[in-house]
Each structure stands twice: as structure tokens, then as C-alpha cells.
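Notes follow the structure.
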Amino acid sequence: MRHLRTALAALFATLPAPALAHPHIFAEARLEVVAGNDGNIAELHNVWRFDEVFSSSVLLDFDKNTDLKLDQKELAELGEVMRKSLGDYHYFTTITLNGATIGVTKPDVIHVTLQDNQLLVIFSVKPEKLVPLKGRMTFGIYDPTMYTSIDFPTDGDLSAKGAGFAHCQHKVVRPDPDEVISQNNATLTDAFFNDPTGTDMTKLFATRLELTC
């Protein structure tokens, strides 16, 4: 599998072999699911803070004028690279409605800043089709390639906002790895991990917000 020159491109444009995949990049995240006034999900607000090692590599790669910082033009270029390349991975966003997966649209812009030597990424996505506030919904953020570890430090970092959620029950689910492996032992075989088409195993372990309306 060919890795592109930059560390950022390696994250957003390269799909590691499933059998060898493990996190190289770490980020803490916040996710806010917003209800619209029309009775549907309006959008999902994302905030990601990347680790200092990865942030430093991005700084070196996008610092075109070599002044050891990223100016507004360089940050905008970085945001646009993310906006284009993350589309192949659905912006790490998963939405399900009664078990059916719902895709997301490309964000208008991805805002990037560098705070305390860490890359801060802020953007919003919308479901690609209507998601009514009825039934069972799940929302999560994870990298299907397992190249990036995305963590929600507290349950409060996954939230639902809007009057439409007033009649809904919600909870944050943090799957137990041992339990996941035990429940899926029959499918987690060598053939599964070496499937040339790839796997989506990460979602089994990913923290998610569940809403029942």
C-alpha cells in the first residue's frame, strides 16, 4: 500500500492493510448532535484535538514559509486537504437509524487552528438524507482503517442538543473490548483480518451515543 509523502496524507488518504492496522495517531473528540425544528437531525458538530507528535509533523509539512508556525493561509490549505481526503472515510462519522447506516454530506469548510502545540479541527456534517427523531439512532466517530484512535474523554463529550430530543432517551455506550471479542469470536478469524476488501471492525469497539425517541 503506497503511503503519500506527508503524515497528514498518510492518515487521510492511505488505507493500511487490516491485519497490520493499529493506531499511529491519537485524537480527543467532542460530538454534538443537533436536532432541527423540522423534527429531523439537523447536523453533527465535531471538535478533534490531535496529539502533539502528529500536530508537529503537520506543522512541518504545511509551514510553506518556514517560520515555524501556520498562518491563516496555511491553516486554510490544511483544512481543505482534510475536507477533500476525509470524504473517502465519511469524515469518520457513523449514523444509524433503526440499524440502517446513513451517510453524511461534505462539510462546507473545515476550520483548523494550532493551540498549545496541538492541532484543533472543527467542522459540521449533515446526514445525506432525512433522519427523523423516531426510533433508535446511534452516532459515533471512528477511523475504519484503525490508523487513528479517536477518544471521547468523558461521556459529556457526546451530547444531543435541541428541543426535539426532549422526548428521547439517550446514553453513551463504551463497548468492553473483551466482551466484543467474545461476542464476535466466530467472525474474528484470520480470514476476517486478511480480507483484501478490508474490514469495519473498529465500529465494534467505538464509543457511541445512542438515542431512542
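One line per residue, one yes/no per condition, for (1) basic (Lys, Arg); (2) in contact with a strand residue (DSSP E or B) (Cβ under 9 Å, 6 or more places away or on another chain); (3) farther than 21 Å from Gly99 by Cβ:
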| residue | (1), (2), (3) |
| --- | --- |
| Phe123 | no, yes, yes |
| Thr145 | no, no, yes |
| Thr148 | no, yes, yes |
| Pro153 | no, yes, yes |
| Asp157 | no, yes, yes |
| Lys161 | yes, yes, yes |
| His170 | no, yes, no |
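Among the residues of segment 104-113, how many are out of contact with any Lys or Arg (no Cβ under 8 Å at 6 or more places or on another chain) and touching a residue at least 24 places away in the same chain (Cβ under 8 Å)?
3
Please give the strands (runs of 3 or more DSSP E) falling wholly within segment 20-100 in which 3 or more residues are among the hydroxyl-bearing types (Ser, Thr, Tyr).
Passing ranges, in order: 93-97.
Looking at the structure I just gave you, is Phe152 aromatic (Phe, Trp, Tyr), at pLDDT 95 or above and either out of contact with any Gly (no Cβ under 8 Å at 6 or more places or on another chain) or exposed (fewer than 14 other Cβ atoms within 10 Å of the Cβ) (or both)?
yes
Can you say whether Thr202 is at pLDDT below 70 and either touching a strand residue (DSSP E or B) at 6+ places or on another chain (Cβ under 6 Å) or within 27 Å of Glu52 (Cα to Cα) (or both), as far as the supplied structure shows?
For Thr202, the condition - at pLDDT below 70 and either touching a strand residue (DSSP E or B) at 6+ places or on another chain (Cβ under 6 Å) or within 27 Å of Glu52 (Cα to Cα) (or both) - is met.
Considering only segment 62-87, how many residues are over 25 Å from the mean Cα position of the chain (by Cα) and surrounded by 18 or more Cβ atoms within 10 Å (Cβ to Cβ)?
0
For segment 136-157, indicate whether the set of residues that are of a type in the set (A, V, I, L, M) and more than 16 Å from the chain's Cα centre (by Cα) is non-empty.
yes
Can you name every residue in segment 142-160 that is under 14 Å from Asn46 (Cα atoms) and free of Cβ contacts under 8 Å to residues at least 24 places away in the same chain?
Gly156 - this is the single residue of segment 142-160 that is under 14 Å from Asn46 (Cα atoms) and free of Cβ contacts under 8 Å to residues at least 24 places away in the same chain.
Could you list, in sequence order, all residues of segment 158-177 that are farther than 21 Å from Asp38 by Cβ and either buried (at least 19 other Cβ atoms within 10 Å of the Cβ) or under 17 Å from the mean Cα position of the chain (by Cα) (or both)?
Selection gives Leu158, Val172, Val173, Arg174, Pro175.
Take the residues in segment 119-149 that are among the aromatic types (Phe, Trp, Tyr) and in a loop (DSSP other than H, G, I, E, B), then tell me which one is modelled with the highest pLDDT.
For segment 119-149, the residue satisfying everything is Tyr142.
Just checking, does segment 88-104 include any residue being charged (D, E, K, R), within 17 Å of the chain's Cα centre (by Cα) and closer than 13 Å to Val121 by Cβ?
Within segment 88-104 (the criterion being charged (D, E, K, R), within 17 Å of the chain's Cα centre (by Cα) and closer than 13 Å to Val121 by Cβ), the answer is no, since none of the residues qualifies.
Taking only pairs six or more apart or across chains, which ones have beta-carbon atoms under 6 Å, a first residue in segment 79-93 that is touching a residue at least 60 places away in the same chain (Cβ under 8 Å), and a second residue that is crowded, with 18+ Cβ neighbours inside 10 Å and assigned to a helix (DSSP H, G or I)?
Listed by first residue and then by second, the contacts come to Ser85/Phe12; Leu86/Phe12.
The values are calculated or read from the model by the stated rules, or taken from the named source; none is laboratory data. Model, not experiment: these values are computed from the prediction. When we count neighbours, we look across all protein chains shown, and the Cβ atoms used for this are built from the backbone with ideal geometry, even at glycine.
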